[in-house]
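Undergrad: Could you have a look at this structure, given as structure tokens, before my questions?
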Amino acid sequence: MIAGAALYLFYSAATAPAVCAGCHKAQARTQPATPMGHALERVEDCDILRDHPRLTFQYGRYSYSITRQGSQGIYSVTDGTATLTVPIGWAFGLGEAGQTYVFERGGTFYESRVSFYKAIGGLDLTMGARAAEPQDLTQAAGREMIHKEVADCFGCHTTGAVRGSTVHFEDLQAGVLCENCHMQSAAHVAALKAGDAKGAAMPHLAAMTTEESAEFCGRCHRTWAQIAAGGPLGILNIRFQPYRLTNSKCYDPTDQRISCIACHDPHVEVVRNTASYDSKCQACHYQRANAPGKVCPVAKKDCTGCHMPKLDLPGAHKKFTDHQIRIVRANGAYPD
Amino acid sequence: MVVAFRLPVLLVIWCMLGRAEEPEAILQRAVQAHQAGDMQAAIQGYKEFLKIQPASVLAHSNLGAALAHQGEYGDAIREYKEALTLAPDNPAIALNLAIAYYKLGEIGKAAAELIALRARQPDNQQVNLLLADCWLRLGENQKVIAMLDPMYAAHRDDDGLAYLLGTALIRDGQTNRGQLVIDKILHNGDSAEARLLMGTTKFSVHDFAGAVKDLARAVELNPSLPSVHSYYGQALLSTGDAAGAVREFRLELQQDPNDFSANLDLGALLRQDQELDEAAQYIERALRVRPRDPGAEFQMASIKVAQGKLEEARQRLENTIKESPTFVEAHVTLATVYYRLKRKADGDRERGVVQKLNAEIQARQPASQTSAPGPTEKPQ
């Protein structure tokens with residue numbers, strides 16, 4: 001049971017980014033190149049598969065390979081006596097940490113049991129796969145995805161395809177594009193063309209409260225309610241930034257200085273220079289009697305370096321920034 | 001819950017039909033229409049007669065029966081109550097009242113009437129089995145066991161009784177005893193009832209694929225078996241087939257609009273699909289069957305959250321956690337509601353409760369279950 005309803009639905013009839021670019025030039029120019037814009041890649045466009053024409057991996061008695069054949073990526077697993085070979089359907093993730101593959105077989109969707117990891121430049125088990133020992137070749141190839149899971153995955157990694165709990169692949173736009181967040185763009189465009197300024201109004205996402213932002217972004221990055229009710233607990237939830245952020249002592253659901261978009265503009269590449277976030281912290285933690293936050297007695301810069309440490313996520317071959325802002329104690333336990 | 005009760009509405013035949021006076025002629029015509037199946041004419045006649053003789057037990061009772069036949073249970077209940085005010089010791093009318101409550105989904109009230117009736121007629125098998133069915137619907141499995149256990153010892157050939165007792169035992173977690181009780185039904189060969197019991201037994205031990213197989217066969221053998229679609233839907237849902245589950249829940253509700261599980265699960269699925277108005281209708285009905293059920297209350301509160309009716313959601317959730325203080329999802333949603341209502345301190349308090357409850361849950365689990373990554377973890 002997932003507590004806390006999503007504020008918005010994935011919307012149908014996605015408007016092509018090129019149409020949006022007609023007016024929203026700045027956003028349309030940069031957003032498609034962001035990691036969210038590449039949350040899913042079609043196999044023919046996938047740089048990782050293009051740059052790594054043959055990937056191999058051995059785990060137990062199973063041998064895995066992904067080979068490039070023309071515009072296709074062919075996924076193969078063998079136990080030495082039998083072999084299962086399928087074309088990869090979709091590549092999930094830009095590869096910032098890694099990339100997992102989804103394929104369809106007999107009308108059922110599967111998540112590949114191996115993923116590409118940028119840090120090692122090759123394949124390893126997909127996170128979670130280590131917990132279950134495959135009983136046959138099909139299980140060795142991948143984990144069967146239930147109907148709702150397919151809709152959830154494509155809903156968060158693509159645009160325009162998911163309506164209700166059904167994926168309409170004919171309408172799929174790879175990656176998270178304008179419509180995925182802004183919705184109602186078709187009506188917006190039609191109203192504008194008709195000169196109906198009132199009818200062209202769209203939800204003003206920047207005006208959301210901090211709590212609404214956390215829930216909105218949490219549709220895909222996971223809300224506090226989702227993790228609190230259904231897990232995972234422990235270090236595995238470090239990737240779920242809205243959950244971590246809203247666990248912070250300084251989180252205030254009504255103060256926009258701590259909202260997701262106070263620090264991150266989803267239309268541009270995420271800023272990697274940690275020092276650039278200092279001003280965001282100092283919006284509250286400044287030297288004045290009525291300041292909402294205390295002033296750090298240790299340092300005046302690079303706040304996130306100490307208070308939002310990068311932690312290793314087991315199995316991911318990557319450190320993730322912990323968005324639960326806190327005073328980190330030496331050898332302190334990971335706070336849930 | 002799973003026994004195909006026949007619920008005959010008892011028509012009290014008036015023995016004074018021969019009299020020729022005008023009011024009695026009206027009543028006679030009404031009874032004749034009733035017996036001929038013309039309910040509208042019967043209802044009209046009884047009402048006409050009651051204008052002249054408002055203290056007629058027979059007319060009130062028969063009018064109730066005719067209204068119940070038409071599915072107008074609320075009006076039927078009013079007439080039965082009127083009749084019982086005039087004749088408080090009439091067991092046939094009391095049973096009709098209980099049946100009307102049952103049909104309306106007021107299972108608690110039906111059970112209360114049946115308990116009173118059972119005190120006067122402890123050997124009335126129809127009363128006993130209907131009461132057991134009500135208790136099953138209310139989740140009162142132990143009451144069913146306490147009542148039916150001694151009866152089963154004396155009536156081992158009664159499949160209906162075995163069915164109810166076996167179901168109560170399985171639902172109460174007494175799977176082995178339940179299996180023994182239902183063995184006799186299973187030995188009678190492949191039947192929808194046997195498959196349903198096997199399916200629900202497998203479901204209770206989380207063998208969902210096995211449950212789906214048995215329940216599909218039960219549906220094939222007898223699609224009209226009460227609750228069979230409801231259980232099949234639950235099993236399908238547990239294997240991830242939400243569309244199949246919705247289909248089965250709808251089929252169940254066509255047969256029995258008051259099936260608690262079908263109403264609750266269908267409402268929850270529709271809520272997830274943001275079909276909020278339709279979801280609310282099913283959850284409301286589930287709450288009529290089991291008032292204050294925490295799961296149903298939680299679903300209704302979640303619908304209110306999605307509709308932006310935060311104050312209403314807050315009140316429901318606060319009541320729910322008063323009744324079920326360890327209901328994690330209710331605390332989680334209440335914390336979210338407090339935050340949306342800009343009541344940070346209350347939200348923080350609820351979050352603290354969630355943290356404490358989760359820590360307790362983790363402490364009870366084996367270490368391997370708390371450290372293993374979830375199945376959907378993947379790199380990004």
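Undergrad: Please report, ordered by residue number, the helices (runs of 4 or more DSSP H) entirely within segment A:10-89 with at least 1 residues that are at pLDDT 95 or above, of a type in the set (Gly, Ala, Ser) and over 18 Å from A:Phe103 (Cβ atoms). Full working, then the answer.
TA: Details: elements: A:17-21, A:25-30, A:47-51.
Where helices (runs of 4 or more DSSP H) fall fully within segment A:10-89, none carries at least 1 residues being at pLDDT 95 or above, of a type in the set (Gly, Ala, Ser) and over 18 Å from A:Phe103 (Cβ atoms).
Undergrad: Which of the residues belonging to segment B:30-52 are within 21 Å of B:Ala87 (Cβ to Cβ) and open to solvent by less than 80 Å² (accessible area, probe 1.4 Å)?
TA: Scanning segment B:30-52 gives B:Ala30, B:Val31, B:His34, B:Ala42, B:Ile43, B:Gly45, B:Tyr46, B:Phe49, B:Leu50.
Undergrad: Still on this model: Of all residues in segment A:197-214, count the ones that are open to solvent by 20 Å² or more (accessible area, probe 1.4 Å) and either over 12 Å from A:Cys181 (Cα atoms) or of a type in the set (Phe, Trp, Tyr) (or both). Talk me through it step by step, then tell me what you get.
TA: Applying the first criterion (open to solvent by 20 Å² or more (accessible area, probe 1.4 Å)) to segment A:197-214 yields A:197-199, A:201-207, A:209, A:212.
Adding the requirement that they be either over 12 Å from A:Cys181 (Cα atoms) or of a type in the set (Phe, Trp, Tyr) (or both) leaves A:197-199, A:201, A:207, A:209, A:212.
Of the residues in that region, 7 qualify.
Undergrad: Out of the residues in segment A:281-336 meeting the condition of being part of a strand (DSSP E or B) and within 14 Å of chain B (Cβ to nearest Cβ), tell me which one is nearest to A:His264 (Cα to Cα).
TA: Initial filter on segment A:281-336 (part of a strand (DSSP E or B)): A:310-313, A:318-321.
Pick out the ones that are also within 14 Å of chain B (Cβ to nearest Cβ) and you get A:312-313, A:318-321.
Working: A:Asp312: 22, A:Leu313: 22, A:Lys318: 20, A:Lys319: 19, A:Phe320: 16, A:Thr321: 14 Å.
Among residues in segment A:281-336 that are part of a strand (DSSP E or B) and within 14 Å of chain B (Cβ to nearest Cβ), the one nearest to A:His264 (Cα to Cα) is A:Thr321.
Undergrad: On to the next question. Enumerate the pairs (first residue in segment B:310-327 and closer than 9 Å to B:Glu297 by Cβ; second residue anywhere and of a type in the set (Ser, Thr, Tyr)) with beta-carbon separation below 7 Å, excluding pairs fewer than 6 apart on the same chain, so at least 6 apart or on different chains.
TA: Every condition considered, the pairs that remain are B:Leu317/B:Thr333.
Undergrad: With (1) open to solvent by less than 50 Å² (accessible area, probe 1.4 Å); (2) over 24 Å from A:Gly95 (Cα atoms); (3) more than 9 Å from chain B (Cβ to nearest Cβ) as the list, and A:Ser165 as the residue in question, which single condition is left unmet?
TA: The one condition A:Ser165 does not meet is (3).
Undergrad: Among the candidates A:Ala131, A:Ala97, A:Ala140, A:Ala91, single out the residue that is within 24 Å of A:Gly175 (Cβ to Cβ) and in contact with a Pro (Cβ under 7 Å, 6 or more places away or on another chain). Walk me through it before giving the result.
TA: Working: A:Ala131 fails: within 24 Å of A:Gly175 (Cβ to Cβ); A:Ala140 fails: within 24 Å of A:Gly175 (Cβ to Cβ); A:Ala91 fails: in contact with a Pro (Cβ under 7 Å, 6 or more places away or on another chain).
Just one listed residue meets the conditions, A:Ala97.
Undergrad: Specify which of the listed residues (A:Cys306, A:Cys296) is of a type outside the set (Lys, Arg), surrounded by fewer than 18 Cβ atoms within 10 Å (Cβ to Cβ) and at pLDDT below 90.
TA: Working: A:Cys306 fails: at pLDDT below 90.
Being of a type outside the set (Lys, Arg), surrounded by fewer than 18 Cβ atoms within 10 Å (Cβ to Cβ) and at pLDDT below 90 holds for just one of A:Cys306, A:Cys296, which is A:Cys296.
Undergrad: Still on this structure, I have one more. Just name the residue that is nearest to B:Gly347 (Cα to Cα) out of those in segment A:229-250 that are facing chain B (nearest Cβ under 9 Å) and free of Cβ contacts under 8 Å to residues at least 24 places away in the same chain.
TA: Among those residues, the one meeting the criterion is A:Gly231.
Undergrad: Any idea which of A:Thr108, A:Thr126, A:Thr159 is more than 22 Å from A:His24 (Cβ to Cβ) and surrounded by 15 or more Cβ atoms within 10 Å (Cβ to Cβ)?
TA: Numbers: A:Thr108 fails: surrounded by 15 or more Cβ atoms within 10 Å (Cβ to Cβ); A:Thr159 fails: more than 22 Å from A:His24 (Cβ to Cβ).
Only one candidate qualifies: A:Thr126.
Undergrad: Which of the residues spanning segment A:261-293 are in contact (Cβ under 8 Å) with a residue 60 or more places away in the chain and open to solvent by 80 Å² or more (accessible area, probe 1.4 Å)?
TA: Taking segment A:261-293 as the starting set, the residues that turn out to be in contact (Cβ under 8 Å) with a residue 60 or more places away in the chain are A:266-270.
Result: A:Glu269, single match.
Undergrad: Could you figure out which of (1) within 14 Å of chain B (Cβ to nearest Cβ); (2) touching a helix residue (DSSP H, G or I) at 6+ places or on another chain (Cβ under 8 Å); (3) under 21 Å from A:Ala151 (Cβ atoms) isn't true of A:Gly95?
TA: Condition not satisfied by A:Gly95: (3).
Undergrad: When segment A:129-152 is examined, which residues are found to be open to solvent by less than 60 Å² (accessible area, probe 1.4 Å) and more than 8 Å from chain B (Cβ to nearest Cβ)?
TA: A:Ala129, A:Pro134, A:Leu137, A:Thr138, A:Ala140, A:Ala141, A:Gly142, A:Met145, A:Val150, A:Ala151
Undergrad: Looking at segment A:315-327, which of its residues are farther than 23 Å from A:Ala225 by Cα and surrounded by 15 or more Cβ atoms within 10 Å (Cβ to Cβ)?
TA: Listed by number, the residues that qualify are A:Gly315, A:Ala316, A:His317, A:Lys318.
The values are calculated or read from the model by the stated rules, or taken from the named source; none is laboratory data. Remember, it's a predicted structure, so these values are computed and weren't measured experimentally. Ideal geometry is used to build each Cβ from the backbone, glycine not excepted, and the neighbour counts take in all protein chains shown. Note: areas computed on protein heavy atoms with side chains; ligands, DNA, RNA excluded. Shrake-Rupley method; radii C 1.70, N 1.55, O 1.52, S 1.80 Å.
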